[in-house]
1. How far is it, in nm, from the label point at residue 159 to the one at residue 45 when both lie 7 Å from their Cα along the line to the Cβ?
2. So how much slack lies between residue 52 and residue 3, counting 0.36 nm per residue of separation and subtracting their Cα-Cα distance, in nm?
3. Suppose the chain between residue 133 and residue 118 were pulled fully straight at 0.36 nm per residue; how much longer would it get relative to their current alpha carbon spacing?
Amino acid sequence: MPYRPPLRAPSGPRRRTLLVSAAGAALLAGCSADPDSGGGGGPSVTQRARARAARDSRELLARYDAVLAAHPGLAERLGPLRAQVAAHADAFGDGTTPTPAKSSASPSAGPAVPATEKDALADLAGAERALADRRAKALVEVPGELARLLASVAAAGATHAYLLTEGAK
């Protein structure tokens, strides 16, 4: 006995209706406000994330400078890593105004530097690793291009942490 399809029409919306509805929704979404606008005339999510990333990179750069000032013997080893951190700060700083850093008890004093070179390298590695982890977590909060930049810089920070740790052995 051959199989005969049912004579009644399938229930539910037709494919064409769904496609038209999806196209209409896309047009309406395209006409809505910018999702990064944040409303109220304040900085957008992207601007805040970019400013935060630039500030974090500048703080890390200050740590490198403090370690190099305290341990000049590490200059050859830390020079290329420091240069990359400076490039990251510049990349995040493009098109944004720098935000003031959090005030501390002594604004002229730099970050504390451990007494030995080995401890200073371990401290830098920990700072790089922590910042790379924070940036990796922030990826879901920002749009495409900034997310790619954050991912790239987070990967570089993880690599720096590895190089600083492995070199200390």
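Rule-based calculations on the coordinates, nothing more; no lab input. All values derive from a computational prediction rather than experimental measurement. Note: ideal-geometry Cβ built from the backbone for every residue, glycine included; neighbour counts use all protein chains shown.
1. Here the answer is 2.9 nm between the modelled labels.
2. 11.1 nm
3. Taking residue 133 through residue 118 to full extension adds about 3.1 nm, to one decimal.
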